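Some notes on the structure that comes next.
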Amino acid sequence: MNTINNSRRNFIKTAGALAVGSTLPLSLVELAFADSSQNFTFAYISDAHIQHIKDNRFVRNWDKGLIRAVAETNLLVPKPDFVMFGGDLAQLGSKPELDHGAEILSALHGDVHHVMGEHDYYLDLGEYWEKLFGPQYYSFDHKGVHFIVLNSIKTYDDWTFKRWPTAEQRMLEMAGLDNPNGSPFMVGEEQRLWLKNDLAKITKDTPVVVFSHSPLQKIYKGWNFWTEDAEQVQALLKPFKKVSVIYGHVHQIQYNQIGNISFNSVMATAWPWPYPQSYAQAEQHLPKLTVPMNRADPFFERDATGWQFINMANGNVDLNFTLYDNSSRVVRYNGKQKRPEDAVYQDEKVRIVPQTHY
Ligand SMILES: [Fe+2]
Ligand SMILES: [Fe+2]
């Protein structure tokens with residue numbers, strides 16, 4: 001226990017030092033073990049939304065967010081063992097966008113693993129993305145932890161293959177956040193079967209970390225903060241003692257606990273999404289968010305973008321966020337409550353309430 005506490009203290013010290021003077025949209029994940037020589041870290045960058053304008057011109061803000069994250073990742077001490085990119089590298093899935101994003105990411109030192117986002121997928125159903133980055137779902141082991149990457153942004157075949165006259169229109173329809181013509185995300189039967197077989201190869205006490213693009217839980221269907229077969233995926237993960245799901249897509253800080261699974265989002269390098277009051281009004285709101293959350297200011301365009309450290313001491317996830325204005329937020333696993341909680345804003349009196357949008 002002491003060793004773990006020491007690891008955590010050292011980790012927080014390191015995180016604090018790195019946070020000074022830096023406002024970058026990346027994550028560093030630390031997995032701390034009883035034998036501290038086994039500890040390791042990885043970095044996490046997500047939702048760059050590289051957007052092509054014309055010729056060699058791209059939306060500058062989104063380029064800049066990713067370039068800064070890459071530069072800072074290369075300067076991290078300790079050096080992360082690998083880097084995760086959490087999906088939505090492109091805005092409309094085009095070759096120029098994916099190529100430009102890949103070129104920016106190519107400056108990263110070390111291995112990079114990729115998660116598929118809907119903005120990468122719905123133009124050619126991942127064909128070009130696969131050429132650049134490899135399979136759409138896979139797993140790997142690193143120092144005793146089993147990491148799983150899922151493509152969670154698939155949807156019903158009718159919608160994908162029959163509904164739209166062109167691939168471009170299909171992409172545009174899925175790219176809209178609140179477009180009623182969109183369709184709910186899902187992992188799908190083929191991947192769930194693969195996941196079942198993959199999980200059969202590891203013991204029940206192996207720490208499992210799942211990376212997805214959409215939340216593997218049902219938060220708000222209207223904005224596709226949602227995975228249609230979330231319960232079925234959760235059921236496959238249920239027998240394991242330590243399970244964490246880390247996801248992008250929502251461009252904001254979220255955390256939740258469902259049974260044995262801790263859920264944490266990471267922030268985007270592009271822009272924040274606001275926090276709809278409608279979370280509480282959503283139809284079929286199952287399972288609902290079990291932990292009340294603090295809300296950021298949707299009128300501050302950089303609120304809820306930034307960078308984050310993730311500490312997995314004891315197999316649970318603690319996220320240390322540094323927001324764009326250099327203020328910090330910590331969402332840490334509460335061992336007594338058995339759920340993630342905001343270290344400062346959990347108290348109702350200081351929490352920012354959800355905003356109403358018209
Ligand atoms: Fe995104
Ligand atoms: Fe997304």
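Of the helices (runs of 4 or more DSSP H) lying entirely inside region 88-199, those containing at least 2 residues that are closer than 28 Å to ARG57 by Cα are 95-105, 118-121, 127-133, 167-175. Taking the stated definitions as given, is GLU189 away from ligand 2 (no atom under 16 Å from the Cβ), acidic (Asp, Glu) and more than 21 Å from LEU236 (Cα to Cα)? No.
Within region 54-70, is even one residue of a type in the set (D, E, K, R) and modelled with pLDDT of 95 or more? Within region 54-70, not a single residue is of a type in the set (D, E, K, R) and modelled with pLDDT of 95 or more.
What number of residues within region 67-108 satisfy the criterion of being of a type in the set (Phe, Trp, Tyr) and open to solvent by 10 Å² or more (accessible area, probe 1.4 Å)? Residues meeting the conditions: 0. If only residues of region 109-146 that are in contact (Cβ under 8 Å) with a residue 40 or more places away in the chain and β-branched (Val, Ile, Thr) are counted, the one that is surrounded by the most Cβ atoms within 10 Å (Cβ to Cβ) is VAL115. Across region 44-71, which residue is nearest to ligand 1 (Cβ to nearest atom) among those that are touching a His at 6+ places or on another chain (Cβ under 9 Å) and assigned to a strand (DSSP E or B)? Looking at residues that are touching a His at 6+ places or on another chain (Cβ under 9 Å) and assigned to a strand (DSSP E or B), I get ILE50. Every condition in (1) touching a Ser or Thr at 6+ places or on another chain (Cβ under 9 Å); (2) open to solvent by 40 Å² or more (accessible area, probe 1.4 Å); (3) under 19 Å from HIS249 (Cβ atoms) holds for VAL149 except the one numbered (2).
Evaluation of THR305 against the conditions (1) closer than 19 Å to ALA48 by Cβ; (2) at pLDDT below 65; (3) open to solvent by 10 Å² or more (accessible area, probe 1.4 Å) shows that the sole unmet condition is (3).
A count restricted to region 192-215 and to residues that are modelled with pLDDT of 95 or more and either within 16 Å of ligand 1 (Cβ to nearest atom) or farther than 15 Å from ALA235 by Cα (or both) stands at 8. Against the list (1) more than 16 Å from ligand 2 (Cβ to nearest atom); (2) of a type in the set (S, T, N, Q); (3) in contact (Cβ under 8 Å) with a residue 24 or more places away in the chain, the condition GLN252 fails is (1).
Please determine whether any residue of region 18-31 is modelled with pLDDT under 65, open to solvent by 10 Å² or more (accessible area, probe 1.4 Å) and within 21 Å of LYS143 (Cα to Cα). Scanning region 18-31, I find at least one residue that is modelled with pLDDT under 65, open to solvent by 10 Å² or more (accessible area, probe 1.4 Å) and within 21 Å of LYS143 (Cα to Cα), so the answer is yes.
The values are calculated or read from the model by the stated rules, or taken from the named source; none is laboratory data. No experiment lies behind these values; they were computed from the predicted model shown. Note: ideal-geometry Cβ built from the backbone for every residue, glycine included; neighbour counts use all protein chains shown. The accessibility values were calculated without ligands, DNA or RNA, using every heavy atom of the protein model including side chains. Shrake-Rupley method; radii C 1.70, N 1.55, O 1.52, S 1.80 Å.
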